[in-house]
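For reference, the structure discussed in these notes is given below.
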């Protein structure tokens, strides 16, 4: 095993996940990429020598536990967890199904708990580490069409806050990143073809901010970081 620190990133896809992978690899981390799409992860691993694919459905607690154990066995103790996996069903309370509500909560909130239970104890034993959660404005307010998404993200944020208060004194930095705006992706560009470039948040810029968060000195840790383009109304 290498002496380079290990970073686990959940929900690695063509936006934030891949940008985070590249940024943390650039910073010298060995990155464990978790996502359901095995073919996509293999493609990313082929492009980044310091990244390794660990196909996983994070909504399944047992599968996630087994995958994280395999990461530690393969790469060594995890220094930084970035819970980037997210899912949203944008429906009103009287439109969303119970199954959709539960699945949204499983990916956003339950998976964070499972990962923290697996990875935080070794971080505490080492006296250092990061648990960084990629959140959303929905964590702070519910709208008619976010009955499921806002509920899951609010629970996620509260869980992150509980983790921060528990783990901070033991040297583990827990922080929540509020993404307030539309991330620049092929599908969002297609959905919003008339929007200018500066309407969108660039995944590379999000990754840069998250990396800076991971490197904050302990005497001035942030719990919550808001990221938005200048044109976003807030």
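The values are calculated or read from the model by the stated rules, or taken from the named source; none is laboratory data. If you're wondering where the values come from, they're calculated on a predicted model, not measured in any experiment. Because the Cβ atoms are built from the backbone with ideal geometry, glycine has one as well, and the counts that use them run over all protein chains shown.
Observations on the structure shown:
- Restricting the range 180-223 to residues that are touching a strand residue (DSSP E or B) at 6+ places or on another chain (Cβ under 7 Å) and touching a residue at least 60 places away in the same chain (Cβ under 8 Å), the residue that is surrounded by the fewest Cβ atoms within 10 Å (Cβ to Cβ): 223
- Residue check, residue 80 at pLDDT 95 or above, surrounded by 18 or more Cβ atoms within 10 Å (Cβ to Cβ) and part of a strand (DSSP E or B): yes
- Residue 20 within 16 Å of the chain's Cα centre (by Cα), crowded, with 21+ Cβ neighbours inside 10 Å and more than 28 Å from residue 181 (Cα to Cα): no
- Residue in the range 162-178 that is within 22 Å of residue 228 (Cα to Cα) and either in a helix (DSSP H, G or I) or more than 14 Å from the chain's Cα centre (by Cα) (or both) present: no
Yes/no matrix, rows are residues, columns are (1) in a helix (DSSP H, G or I); (2) in contact (Cβ under 8 Å) with a residue 24 or more places away in the chain; (3) crowded, with 19+ Cβ neighbours inside 10 Å; (4) touching a helix residue (DSSP H, G or I) at 6+ places or on another chain (Cβ under 7 Å):
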| residue | (1), (2), (3), (4) |
| --- | --- |
| 53 | no, no, yes, yes |
| 89 | no, yes, no, yes |
| 103 | yes, yes, no, no |
| 109 | yes, yes, yes, yes |
| 115 | yes, yes, yes, yes |
| 122 | yes, yes, no, no |
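- Flag if residue 174 is at pLDDT below 95, closer than 30 Å to residue 101 by Cβ, surrounded by 15 or more Cβ atoms within 10 Å (Cβ to Cβ) and touching a helix residue (DSSP H, G or I) at 6+ places or on another chain (Cβ under 6 Å): no
- Residues satisfying the stated conditions in the range 18-43, i.e. touching a strand residue (DSSP E or B) at 6+ places or on another chain (Cβ under 6 Å) and either at pLDDT below 95 or assigned to a helix (DSSP H, G or I) (or both): 20, 21, 24, 25, 38, 41, 42
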